[in-house]
Every structure is written in structure tokens, then in C-alpha cells.
Amino acid sequence: MAKFLIVTEKKSDWAAYFPSESVVSVGDYLDHRSDKAARNTQVINLCRTYEYQSIGYYCTLLAEARGHRILPTLRTINEIANREQQLMVIHGMNEALDLAFAGHPCENVNLLFYFGQTDVPALQKMARQLFDQYPLPVMAVQFRHGPHGWQLVSIAPYSFHRLENGQQDRFSAALERFSRKIWRQPNHHKRYRYDLAILIDREEHMPPSNLMAIKRFIRAGKRLGINVELIDKDQLGRLGEYDALFIRATTNIDDFTYQFARRAEKLGLVVIDDPASIMYCTNKVYLAELLEKHKVPTPKTRVLRAGEKNWVEKTIHELGLPCILKLPDGSFSRGVHKVSTAEELESKALAMMNDSSLILAQEYMYTDFDWRIGVLDRQPLFACKYYMSQGHWQIYQHKEGGSFNAGGWETLDVMSVPRCVRETALRAANLIGDGLYGVDIKQQGNKAYVIEINDNPNIDRGIEDHVMGELIYERVMLEFLRRLQQRGL
């Protein structure tokens, strides 16, 4: 039987409703270790906000890492914040609105939809459609009357703790109905042609592929019958012209790369990096939870959150000193700090918590180099050793003004890599999906420890292609071709 959990930010938020063993605070949910392996657990996240890196955001993030079925999903949280995406969804609803608000005395109407339910019969179909697109417990919807009739102006999450008497009754009734239904995912469109866009950022100083590598991707694609063109962050509207999207700009959940991936997936394009891979790989807290659940070796790790009691002492006891502090979404060694004393641990962690509700503390494990194993479609693609920057404990040593020092590199044949490293990398990458990943590993003796999984690994001319040469570019394009052909072309 499925386990059903309702997570609130504070226990007092549920005071107006009947007590239930299914209701837990977000602190209890995040701390409860025994729930991590529970199967068939359904969770409704009723935290007060789902803003990026809020405690509500991390509730959903870690629920997905634990394999729980969560509402709202991370994808919903990120998509609802995008105004352009909303305009695509609400297009064509004017006729239903004119019928529902005929003769209404006000020019602005604000309504709440509860789990896709509304008390306005003429808007029930719309409420269901919006819930299918944005599954939210409570959705605030604003309507406005203008020269062209009634229009849906905006949709946004609404915190259930703000509900008042009659609203609380409607919420609880809708929750009761919803909890009996099967959760489902929306279908996606499919399209069929051989045109591929490579998304680049011409202003980026450290792109995942240099210009010489990009040119070789284009050549490899055209040899295989795929027309390859470059697009940049200002050309989102062109995605409909293509069958596939290859992202070669550094990905992040709150920038244009995720928006391109999400839009491309909705259009039915073959996408690398896909939105799910971007969401999961760009957050180290999620990766730590996921790897722990599946018993993939990592350095000893703790998730720190503001308000936790005795967290400094617990961290030192579990990890020792020095230890490493990481912002969840740092890249290229940014947002990563080594602390050597209790005072330094506390001050640095508290400063980092100003940017993120949760941060990562990890055992310090020095090695002369990190392995990077490239993985594509669940198979190893390339292997590199990235050496630490001279006199520094990281591969990149960032300086003021945006400059940096980087260590050396060595590219090897994949089959010459120690078996423990190769197999651990595949185990880790395959937990994310079947896209293109770079798994960073530290090796100590015959043991390999995963540091992180990158959804957007570097493939640069002269480095990662040093062993395979042109074949590495052809292998990537062949994977796009295979996926396009699988769709019936």
C-alpha cells in the first residue's frame, strides 16, 4: 500500500485541519533517514514557497532523489516561474472566460484552484487543463477584462497556510478527492526531421566545447546526413525549426539553457542535455541524496540547513577537519570552500546559507588529480585525468577579476582506466539517465569515490578528443541519429 505524506513548513500550518499521522514538518521529512528507501511513497509539498533554493524547493528536490512521487515536481516549480511558458499554456482560453464572467461587475477577478478543482462550473475544464500542465496544490489565477474580452493574466502557486475559512473547506475537499486519483505525466509531441541545433553562449569564457570542437561536431553531423546549425540564447523561438538540440553552453536551472531544454522537449526534439538531467546534475544536494540511496561510494557527506541544532559539532564529528563546503549549484570549482577550524566552518557555512537554504559539507579527500569519465547512452565515451592547479587543492583556482589557473590534463583510452573507476562512473551516470554525462571521481587505492555528475561535460578539441580524435564527435552525432531514427524517420 502506498505511503501518503503531507509536508508542511511548520506544524502549526496544519492547525486548522484534522490531525493526521500523514502530516509532517519539512524539517522532519528532510531529517527522517528511514523514509529514504521507502517505495511507493506519495508526497504533497505544502511548504510556504517553492522559490529556488528555499526549503520548499529542497523538499521537492530531495523527494525526487529518494524516489518519492512528489507534487509539485521540480519541473513544475521551474516552469511555473516562466512567463513565456505561461503565455503558451493560456493561449486560446478567452471564449470560456467570456462565458464564465458574463455580466461580472469587476474588471479584475482573482480565483484559487485547488488540485485542478474550482467552484465555477464554466471554468472547471480550464482548471483541469492548468493542473495537467502545472500540478500545484493551490493555484492563484488572475483574470482581467480588456478591449478583447476576458483574459487569463497570470498563474502562480499559492501558499495553503494563507487560506481562510471557506477556502480551507474547499482545499480539504479537493485534497480528499485528489488523494484517491492516480498521478500521471503529460504526453509529449513528436516531430520527425534531420535538423540539429547546437546551443552556444558566445559570451561564455569557459564553454563546455571550444570553437574548434564545435566545428567538428558540425562536420560529423553533416557526414551522417544531419544538418547542424548554431543558435544562441536569443533564438528560443527558432527551436521549432529543428528535430534535435545539443546544448554546448554551461547549464543551470535558472538560466536560458534550461528554458531551451524544456521548450525543446515539449516540442518533441531529441535533447542533450534534457531538462531532467539539468535539474538533477546541477544540484549537488540532490546528487548526494541520490548516490547515498543507491550506495554509490562518495566522500562522507552531510547536508546542512539553517536552524539545525548542533550542526557544527555534528559535522566535525562525522567528517572531521578540514572539510569541504559546497553550494548546491556551483560549477568549475566555484562555490566550493575548504574550512579547517570550527569557527571557519560556522562562519563560511552561515554566509553560504544566505544564498541557499541547504548546503553540502563533504569529507576532504585530496588527490593529485580527479578522473573524469565521459558517459553517453550508458556507455563510456572518454577518460581524462584533470590535475590540481599548482599549489592549490582544486582543478581550478579562481582569482579576482574573473581570471583563473587550471591544472594539467591527461587523456587515456577508456579501457586502460582502472576497473573500479570505470564501473563506478557508469553506476553513477546511469542513475541520471541515458544522456551525455561527465562523472568526476577520486581514486584511493582500488576504491573510487564519486565527487559529482556533470550533465554538460567538456568535449574540447585537443583535450577530451586526444585519444579518439574525430571519432568522439562522430559518436555523439551517431547517438542523435539513432534517437531520431527510433522516432520513425
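The Cα-based radius of gyration and maximum Cα-Cα distance (Dmax) for the range 367-454 are 13.5, 41 Å.
Taking only Cα atoms, what is the 0 to 90° angle, nearest 10, from helix 124-133's long axis to the longest principal axis of the chain? Once rounded, one gets 10 degrees. Calculate how steeply helix 419-432 sits against the longest principal axis of the alpha-carbon atoms of the chain, using the helix alpha-carbon long axis, and give the answer as 0 to 90 degrees to the nearest 10. It is inclined by approximately 20 degrees. The convex hull around the C-alpha trace of the chain, projected and averaged over every direction, spans 25.6 square nanometres. Find which of Q129, L175, L245 sits farthest along the positive direction of the dipole of the range 100-252, computed with +1 on the beta-carbon of Lys and Arg, -1 on that of Asp and Glu, about the Cα centre. So the residue furthest toward the plus end is L245. When each of the peptides 253-264, 348-359, 303-314 is scored by how many other beta carbons lie within 10 Å of its residues on average, the order from highest to lowest is 253-264, 348-359, 303-314.
Of the cross-linked pairs K222/K266; K326/K348; K3/K300; K284/K338, those separated by over 18 Å at the C-alpha level are K222/K266; K3/K300.
Net charge near N78, counting Lys/Arg +1 and Asp/Glu -1 over other residues with Cβ under 10 Å of its Cβ? That sum, taken over residues with Cβ under 10 Å, equals 0. Cα extents for the range 3-71 along the principal axes, largest to smallest and rounded to whole angstrom: 31, 27, 19.
In angstrom, the C-alpha Rg and Dmax of the range 267-317 are 15.7, 50.
Between the amide H of L245 and those of A197, V270, V271, I272, distances stay under 5 Å, these residues lying 5 or more places away or on another chain, with hydrogens modeled in the peptide plane. By the Kirkwood approach, averaging reciprocal distances over each pair of separate Cα atoms, the range 300-363 gets a hydrodynamic radius of 11.4 Å. Over 5 Å intervals from 0, what percent of Cα-Cα pairs in the range 80-178 sits in each interval? Here the calculated profile for the range 80-178 is 2, 13, 24, 26, 18, 12, 3, 0. Helix content alone sets the calculated 222 nm mean residue ellipticity of the chain: runs of n ≥ 4 DSSP H residues at -39500 (n - 2.57) each, divided across all residues, give -9500 deg cm²/dmol.
Backbone phi angles across the range 152-161, fed through the Karplus curve with coefficients 6.51, -1.76 and 1.60 (θ = phi - 60°), yield HN-Hα couplings of 7, 8, 7, 9, 7, x, 10, 6, 5, 5 Hz in residue order; Gly and Pro are listed as x.
What's the magnitude of the charge dipole for the chain around its Cα centre, counting Lys and Arg as +1 and Asp and Glu as -1 at the beta-carbon? Answer in Debye, nearest 20.
Taking the Cα centre of the chain as origin, the dipole is about 1260 debye.
Computed packing ranks the peptides 194-201, 159-166 as 194-201, 159-166, most packed first, by mean other Cβ atoms within 10 Å. Taking a ≥ b ≥ c as the square roots of the Cα gyration tensor eigenvalues, the range 124-184 comes out oblate, since a/c reaches at least 1.5 and a/b does not exceed b/c.
Beta-bridge orientation, the chain: approximately 70 percent antiparallel, per DSSP, counting only bridges with both partners inside.
Treating only the Cα positions of the range 266-379 as identical point scatterers, give the base-10 log of I(q)/I(0) from the Debye formula at each q in 0.09, 0.14, 0.18, 0.21 Å⁻¹. Log10 I(q)/I(0), no solvent term: -0.29, -0.65, -0.98, -1.26. Across the range 331-377, the volume of the C-alpha convex hull divided among the residues equals 126 Å³ per residue. Amide hydrogen proximity for A156: with H placed 1.01 Å from N in the peptide plane, the residues at 5 or more positions away or on another chain lying under 5 Å are A140.
Quick note: the coordinates plus some simple rules give every number you see, no bench work behind them. Nothing here was measured: the structure is a model prediction, and the numbers come from that model. Please note: Cβ atoms are built from the backbone with ideal geometry, for glycine as well, and neighbour counts cover all protein chains shown.
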